[in-house]
Amino acid sequence: QVQLVESGGGLVQAGGSLRLSCAASGRTYSSYAMGWFRQAPGKEREFVAAISWNGSPTYYGDSVKGRFTISRDNAKNTVYLQMNRLKPDDTAVYYCVSDPRSSSWSSPYYDYWGQGTQVTVSS
C-alpha cells in the first residue's frame, strides 16, 4: 500500500517560514515525480510545486514563485517544501502528491495523495 504522510504544518506569522515534509512508503519512490497542492476553505485546489524524480526540473505555481522551494531526498523517500515570506493567502491544507497521470504536472491528476497538513498564516 502506497502512503504519503505530510508533516511540518502549523501556525506562523506573516513573513515567517515553514518547511513541510512528505514521507513516502510502500515502494521505492525515486523514479516518480512528486509535488504539492493546497486547498483553502471555499477555494479550488491549487497547484503549488512539482519536482522530477531526479530533482530537476521543478515547477511552481505563479502565486508561490520566488518564495517556495521544492526538493527531495530519494535516499529518505522524502520530498520537502520550504516556504518563505509566508502570507495570509498561503493559509490552506497542503497535500503531497505522487505519480502524475498527466504530462502537465500542475494538473491535479496524480495517483497518490497524502491526508494533508494545515498551514495557517496570521496577519
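The values are calculated or read from the model by the stated rules, or taken from the named source; none is laboratory data. Please read all numbers here as calculations on a predicted model, not as lab measurements. Note: ideal-geometry Cβ built from the backbone for every residue, glycine included; neighbour counts use all protein chains shown. These accessible areas exclude ligands, DNA and RNA; they are computed on the full protein's heavy atoms, side chains included. Shrake-Rupley method; radii C 1.70, N 1.55, O 1.52, S 1.80 Å.
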| message | Can you find a residue that is within 14 Å of the chain's Cα centre (by Cα), buried (at least 17 other Cβ atoms within 10 Å of the Cβ), of a type in the set (A, V, I, L, M) and under 10 Å from L81 (Cβ atoms) anywhere in the range 21-31? | response | no
| Taking the range 107-123 on its own, how many of its residues are open to solvent by 40 Å² or more (accessible area, probe 1.4 Å) and not in a strand (DSSP E or B)? | 4
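Could you please let me know if A49 is under 17 Å from S104 (Cβ atoms), open to solvent by less than 30 Å² (accessible area, probe 1.4 Å) and among the small types (G, A, S)?
yes
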| Can Y59 be described as aromatic (F, W, Y), over 21 Å from G10 (Cα atoms) and open to solvent by 60 Å² or more (accessible area, probe 1.4 Å)? | yes
